[in-house]
Each structure stands twice: as C-alpha cells, then as structure tokens.
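What follows is a short report on a single structure.
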Amino acid sequence: MKQYIARRVGYSLLSLFLLSVTIFLFVRVTGDPVSLLVEPGASPEDIENIRRQLGLDQPLWEQYWHFMASLFAGDLGQSFYYRVPVLDLYFQRLPHSLLLAAVAMALSLLIGIPSGILAAVRVDGFWDSAGKIFALLGLSLPQFWVGLVLILFFSVYLGWLPSSGSGGVLHLLMPAFTLGWYFAAAHMRLTRSSMLEVLGSEYIKLARLKGLPEALVIGKHALKNALIPVITLAGINLVVMINVAVVVETVFAWPGIGRLLYEGITFRDFPVVQGVVIIGGAMIVMVNLLVDILYALIDPRIRLES
Amino acid sequence: MPSPLLSLENLSTHYVSQQGTRVVRAVDEVTLSLNAGETLGIVGESGSGKSTLALTILRLLPAAARITSGRMMFEGENLLEKSDEEMRQVRGKRIAMILQDPMASLNPLFTIGDQVGEPIRVHEGASRASAWKRAIGLLRSVRIASPETRVSQFPHEMSGGMRQRIVGAVGISCEPRLLIADEPTTSLDLTIQAQYLKLLRDLQREHGLALIFITHNLGIVAKMCDQLAVMYAGRVVEHGPVSRIFNRPMHPYTRALLGSIPRMADNRDHLTAIEGQPPDLASMPPGCAFAPRCPEAFDRCRAEAPPEFTIDHETRARCWRAPVDASAKAAS
C-alpha cells in the first residue's frame, strides 16, 4: 500500500510540472499584456518601464524560473490588472465556486444515480428511453444556450428567479442546474452501463439462485459493484466542476474562479491565468490521487496488487 | 412406491426472438423424475439444453425464454403455478444450485461469511451474528481449513478449488432437498475435481440431498449418478439407470457418446468423434434431430420424429429402433 501511494504521488508531481511549463508558454502566446494596460499613445519609454516592472523584459527561462521559485514559496505573483496578489483574488472567489460545484454535484448525483439504476433494471423500457433523451440533451446542449434559455423562461417570462449574480438560494438554482445537467447525464450513463455489466455477472446469478429478494440483489450485490466507477468519476468531476464553470459563471455573472479566469484571459493577466490554472490542475491531480487511494480502500483486490 | 421428489412432465422452454419470428426450442418436451436422495446425471453436448433445463426448474430464465408447456412437480407442488415471490422462497431454501465458474460466482466486495450466511438470514430470518456462526460451521463442513479466519476474508484471497467449495457451502446453507450442480468441476484441475466430487457425495449422504448433476463428463456420471438422462438438441433421448445405459445403451447417440470416451486399452492413434454438427435449434429437421448424424438412421427417422418409447418401468428412449432392439434382446 505504501509503495502504491508513493508511485501515485510521483506521477502526480510529474503531471504538475508538465502543466506549469505548458500554461506558462501558452499564456505568453496570447499577446502582449502591456498594450492593454497602457493608455493609447503612451511613449515607448513608459511601455518599456511597465514591461520591466512586470518582469516581462527578462528572457523566458528566467521568467519561468522566477515563477516556479515564488510558486514553491507559496506566492503566485501579483495580478497585472488588479495589482493585488493572485492568491487574494483567488480566495475571494473560491467560496462561490465551491458552493456552485457542491450544489451542482448534489443535483447531478441525485438525478444521475437513481435514473441510471432505473434505466438498467428496466432496460429498453420507458424510463430507459426517457433517461437516454435526458442524457443526450445534457451532454450535447451547450451550457451557454441552456443558461440563456433558463434565464429567458424563469427570469424574463416568469420572473421567478434572478437572472444573475449571487446571494440567496434562488440565485444558485439556474447556474447549478446548468452546470449539473451535463454531469448528471455523465453520471447516469455510467451508472446505467456499469449496472448492466454487473447485472450480467455470475455472482448476481448466484445471488438470485440464493433466493434473495430483488431489492437486495440490486441494492446490495449489484449497486456496490456498479458504483465503483461512478464514485471515481464523481470525485474527479467535483473538482472539474470547480474549475470548468467558466461559461456558466460568465452567463450568470456568478463571481467564482471561472469568471476570474475569464477576466484574466481577457486582460492577458498572466499571473491570474497561470495561478488559476495551476491551482485547478493541482486540485484535479490531487483528487485523482485521492480517488486512486480511496478505490484501493474500497476494493480489496487493488490493495494486494501493489 | 413413494411419489418422486421432483417430476418434470412434458416440460418445454423456448427462446423467442424479439420479433417473435425465431423460436429456439432449448428444452423440448422433457419428462424426468428424481427421488429424494438420488442422483440424476444430465449429459449432452454444449447447447443441448442442459443448463436451460436447470434454470427452468428454478424458474430463473433470461427474459427471452418462456416455459411453454408442461408440469413441474416438486414435493407435491407444481412449481409453474407459484408466484414469483413464492418461487423466490423456494430458491436457495428448498432447491439450490451451484454454478460452473467458481472464480466469478462470488461477489468480490463482500466477505465469505456474509455471502455464505446470506441465505440463512433471508430464508430463516437469522441474525447477522448467528448466520456468521452457521457460516463458519458450513465452511468446516466443506473442508475449508481454519474456517474462523477464512470466514472474514474476501473471495480474491481464496484459490479456485476453495471458492468452489464455498459456493457449495452457499448451496447447502439452508439444507435444501435438491441441489443442482451445473458442471461444477469443469474449471478445476483433476485432483481438486476428485476431492470436490467426494465432498459433494459426502454432503449428499449427510443431508439426504437429491442431486442433479449436469456435465459432459461421462466418467463423472459413472462415479456419481444413479440415473442418467442423455440430452440432444433440447430433448431427452434416453433416460434410465446409469449401469443399464453404460452396459446396454438404447439410443445411437448414447452409443456414440460412450464410444467417444478415449480408453488406454484401445491403443488407438486417433480419437473417435461423432460426425457432423448438432442441428440449429431454430430450424430442426422434420424427423429425429439426430438422424443426419446417425449411422443407423432409416427413412422413417428422417421423416417422422420418434416419440418417447417406454422400454421398461425405468427406461425410456426416443428412437424408432429402441422398442425393436429391446424385444430382440429379450427374445435372444
């Protein structure tokens, strides 16, 4: 088990290093941030001054070295635009993202797992077909469109829900549903297929041969096995949700890190973009690591393989 | 004569395709009976309907299968008239079954004790603790060493032979009257196979179990069974006491099966096989299903399917020649 964890940690660190190089280079391909920070008609000396201030006059490898050195010291640098530490900005926005992701995840599991089980148990029946349509729409409708249509119905026509911003529970509903639908579809499809596979297994046949009530066959023997891949996916998805809500947060003007990233890209605010992506990447890598370990704890077979 | 424990009368199970156009007669007009404590062997090639017959008895068939006719009397009750809930209470409690793949038949996520004790908790309402205790006793009775430790282990910590004995323990956990074993030894190596068969025989004697033994291994039949039913293309082509069938097989298919057992004494450099392939169960030949492969077939065999001839009170065969042969033997 110790060896297993050590190997997983090694892979995780390697992934993060590759991510840091990639985002560092990619963000610099988007263009010159200084041109967005200075007034039109600023003198070349002023521009050069600002560039020096921001450290953009140094060669790339030196900039990268500086970025990594301060990263290890726990410093993500200062935002070019807001002129405050990136971490401060990040932690201001994070609670909003966490709240949105938690509610969206709860919705996606509450919808996805029961409907996935129902679809598998009544395969090719009405619920299976209804679930297929729900999942197809969730996976294929673009989030900005779903968000706009929801706003149109519930805010413009009906006037029930606020169209943007954060505040009460009502503000949460539409963004959480818009974000959660896609994941509900993913969780449902995976629950269904994994349940179907398990239901065809010999140990389910033996459970039925033992004369167990169907509720016990499905709810105990099949469900625990079928949920293993769903737990993995949901764990990863929770962190993905925090970090990919860029479109949803922009449509609903939800002040989370998705929108912070959006602003960072718009203003070519290199430290903000690098910071948000590196933290997001670290979270996703960490969760994969955790899920791998959790997986080993749930499934006794993995414990021994390492 | 006491009434048999299990008697199947003209039992048919058909698989029907979704459009209803293709009907596969997996089990066709099977009549068999079995007394308490007796062992019935069912042999036949793959696809001859042996496993479908077993699942028919337990009424645990795939959705596409239908039991289309017949009666299935068990301890004086017709199992075909029972509700699904009543049938569930028969499974595992009065009729148990052992599957052929020990590696796959135990749930990987639950302990041995949980899985062995489960039928006791469900059928007898035993508490978790007392079912656990009974599970330890059951493991001991299937010769698992140090059952107190094994009971809290998981299936992946056991060898194939141990797992199959555990599946056997699950089978006998509620002291059923009838145990159906579907090729329980095919995936075990030979020494383990012999141990397992001996174990089954001991359990049978201790618990007064009736046993249905599904296999394609005639050597096992000779050692284990009292009665034998030979299946071909969904039908029982010959049924009778094992010793009689081995000494004097009535049906040409049975003769061919017996002839295909390799023997050391024969010192042959080739194996005897039955020529041809079994028929497609969805489009059977008009006459006897075995006629196209039968060395003794004559015109009537190809035109008209033979009924089940009763040769004497315990022997039946589906062959036009059977009654003739029998009377010839009797005359000589």
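Values in this text are rule-based calculations from the coordinates and carry no lab data. In this text the structure is predicted, and so the values were computed from the model without any measurement. No Cβ is skipped: glycine too gets one built from the backbone with ideal geometry, and neighbour counts run over all protein chains shown.
Can you give the FRET efficiency to the nearest 0.05 for A:M1 and B:R300, using r as the Cβ-Cβ distance and R₀ = 51 Å?
Taking R0 as 51 Å, the efficiency between A:M1 and B:R300 is 0.10.
Arranged from highest to lowest average of other beta-carbon atoms within 10 Å per residue, in what order do the peptides B:291-297, B:207-213 appear?
On the way: B:291-297: 17.1, B:207-213: 20.9.
My ranking of the peptides, most packed first, is B:207-213, B:291-297.
What is the order of A:D299, A:D88, B:D189, fewest Cβ neighbours within 10 Å to most?
Exposure proxy ranking, most exposed first: B:D189, A:D88, A:D299.
Quick one: Cα convex hull volume of region B:7-51, Å³ per residue?
For region B:7-51, the hull spanned by Cα atoms encloses 84 Å³ per residue.
How shielded is B:162-172 by partner chains, expressed as the average number of their Cβ atoms within 10 Å of its Cβ atoms?
Taking all residues of B:162-172 together, the mean is 1.
Could you pull out the trypsin sites (Lys or Arg not before Pro) across region B:97-159 that fall in loop regions by DSSP (anything but H, G, I, E, B) with no more than 10 other Cβ atoms inside 10 Å?
When the trypsin sites (Lys or Arg not before Pro) of region B:97-159 are filtered for loop state and at most 10 Cβ neighbours within 10 Å, nothing remains.
Below 8 Å between Cα atoms, with a sequence gap of 6+, how large is the relative contact order for region A:1-101 in percent?
13
With the alpha-carbon atoms as the only input, what is the per residue convex hull volume for region A:21-81 in Å³?
87
Between B:Q89 and A:W160, with labels modelled 7 Å along Cα→Cβ, what's the label distance in nm to one decimal, could you check?
A separation of 4.7 nm, rounded to one decimal place.
For helix B:321-331, what angle does its Cα long axis make with the longest principal axis of chain B, in degrees from 0 to 90 and rounded to 10?
The answer is roughly 80 degrees.
Between rounded, prolate and oblate, where does region A:1-124 land on the alpha carbon gyration tensor, with a ≥ b ≥ c its root eigenvalues, rounded for a/c under 1.5, else prolate if a/b exceeds b/c?
Judged from the Cα gyration tensor, region A:1-124 comes out prolate (a/c at least 1.5, a/b above b/c).
What aspartates and glutamates does A:K2 reach when the alpha-carbon gap must be under 17 Å and sequence neighbours fewer than 8 apart in one chain are set aside?
A:D292, A:D299, A:E305
Note down the magnitude of the dipole of the protein assembly as shown about its Cα centre, charges +1 on Lys and Arg C-beta and -1 on Asp and Glu C-beta and zero elsewhere, to the nearest 20 debye. The partial results should precede the final answer.
Numbers: 59 positive and 56 negative charges, 329 e Å.
About 1580 debye.
Could you pull out every residue, at least 5 positions away or on a different chain, whose amide H is within less than 5 Å of the one on B:E77? Hs are placed 1.01 Å off N in the peptide plane, and Pro or chain starts have none.
Correct list: empty.
What size of dipole, in debye to the nearest 20, comes out for region A:17-65 about its Cα centre when the only charges are +1 on Lys and Arg C-beta atoms and -1 on Asp and Glu C-beta atoms?
260
Using 7 Å Cα-to-Cβ label points, what is the B:H156/A:L170 separation (nm, one decimal)?
5.2
Mind listing the Cα extents of the protein assembly as shown along all three principal axes, in Å, largest one first?
The Cα atoms of the protein assembly as shown stretch 126, 57, 56 Å along their principal axes.
Express the relative contact order of chain A as a whole percentage, based on alpha carbon pairs under 8 Å and six or more residues apart in sequence. Numbers along the way, then the final one.
Values: 330 pairs, mean separation 83.5, N = 306.
Contact order relative to length: 27 percent.
Report the label-to-label distance for B:F246 and A:T266 in nanometres (one decimal), using points 7 Å from each Cα along the Cα→Cβ vector.
Simple spin-label model gives 8.9 nm for this pair.
Based on the Cα gyration tensor of region B:174-228, what are the three equivalent ellipsoid semi-axes, each the root of five times an eigenvalue, rounded to whole Å and given largest first?
So the equivalent ellipsoid measures 18, 13, 10 Å along its semi-axes.
Would you work out which of B:I98, B:T52, B:A64 lies farthest towards the positive end of the dipole of region B:10-140, given +1 charges on the beta-carbon of Lys and Arg and -1 on that of Asp and Glu, about the Cα centre?
The residue sitting farthest along the positive end of the dipole is B:I98.
Go through region B:182-196 residue by residue and turn each phi into a ³J(HN,Hα) via Karplus (6.51, -1.76, 1.60, θ = phi - 60°); whole Hz please, and just put x for glycine and proline.
Calculated HN-Hα couplings, in order: 9, 6, x, 10, 4, 9, 9, 7, 4, 5, 5, 4, 4, 4, 5 Hz.
How much of the DSSP bridge set in region B:171-275 is antiparallel, in percent, rounded to the nearest 5?
The antiparallel fraction comes to roughly 55 percent.
Relative to the compact globular guide of 2.2 N^0.38 Å, what is the alpha carbon radius of gyration of chain B, as a ratio? Can you show the working numbers first?
Details: Rg = 21.0 Å, N = 332, 2.2 N^0.38 = 20.0 Å.
This ratio for chain B stands at 1.05.
What are the equivalent ellipsoid semi-axes of region A:93-166, built from the alpha-carbon gyration tensor (square roots of five times its eigenvalues), in whole angstrom, biggest first?
28, 17, 10
How would B:W132, A:W61, A:W254 line up from fewest to most surrounding beta-carbon atoms within 10 angstrom? It would help to have the intermediate numbers written out before the result.
Numbers: B:W132 19, A:W61 8, A:W254 25.
Fewest to most other Cβ atoms nearby, the residues stand as A:W61, B:W132, A:W254.
Roughly how large, in nm² to one decimal, is the mean projection of the convex hull of the alpha-carbon atoms in region B:147-200?
Across all orientations, region B:147-200 yields a mean hull projection of 4.3 nm².
Residues in region A:53-70, backbone N under 18 Å from the label point at A:V21 (7 Å along the Cα-to-beta-carbon vector): list them, ranges by number please.
Backbone N within reach: A:60-69.
So if I restrict to the alpha-carbon atoms in region B:44-183, what is the Rg, and what is Dmax, the biggest pairwise distance, in Å?
Reported Rg and Dmax, both Å: 16.0, 48.
Taking N as the number of residues in chain A, what value does Rg over Cα atoms divided by 2.2 N^0.38 Å take?
Working it through for chain A, the quotient is 1.22.
For B:Y232, which sequence-distant residues (separation of 5 or more, or a different chain) have an amide H within less than 5 Å of its own amide H, given hydrogens modelled in the peptide plane?
Sorted by chain and number, the residues that satisfy this are B:V237.
Calculate the dipole size of region A:1-115 relative to its Cα centre from +1 charges on Lys and Arg beta carbons and -1 charges on Asp and Glu beta carbons; express the result in debye to the nearest 20.
Its charge dipole is roughly 820 debye.
Against the empirical 2.2 N^0.38 Å scaling, what ratio does the C-alpha Rg of region A:46-99 come to?
Relative to the rule-of-thumb radius for its length, region A:46-99 sits at 1.36.
List the relative contact order of chain B as a percent without decimals, with contacts defined as Cα pairs under 8 Å and 6+ residues apart.
19
Name the residue from A:I284, A:F270, A:S201 whose Cα lies farthest towards the positive end of the charge dipole of region A:161-303, charges +1 on Cβ of Lys and Arg and -1 on Cβ of Asp and Glu.
Going by the Cα projections, it comes out as A:S201.
To the nearest 0.05, what FRET efficiency results for A:K132 and B:D280 with a Förster distance of 51 Å applied to their C-beta separation?
The formula returns an efficiency of 0.90 here.
By its C-alpha gyration tensor, with a ≥ b ≥ c as the square roots of the eigenvalues, how is region B:222-265 shaped: rounded for a/c under 1.5, else prolate for a/b larger than b/c, else oblate?
Numbers: a/c = 1.83, a/b = 1.25, b/c = 1.47.
Here region B:222-265 falls in the oblate category.
Run the helix sum for chain A: -39,500 (n - 2.57) per DSSP H stretch of 4+ residues, divided by residue count, reported at 222 nm to the nearest 500 deg cm²/dmol.
Value at 222 nm, helices only: -24500 deg cm²/dmol.
Are any of the pairs B:K198/B:K223; B:K93/B:K198; B:K93/B:K223 more than 18 Å apart by Cα-Cα distance, and if so, which? Mind dumping the intermediate values first?
Details: B:K198/B:K223 10 Å; B:K93/B:K198 23 Å; B:K93/B:K223 27 Å.
Result: B:K93/B:K198; B:K93/B:K223 exceed 18 Å.
First check a/c for region A:76-223, with a ≥ b ≥ c the square roots of the eigenvalues of its C-alpha gyration tensor; if it is under 1.5, answer rounded, and if not, answer prolate when a/b is larger than b/c or oblate otherwise.
prolate
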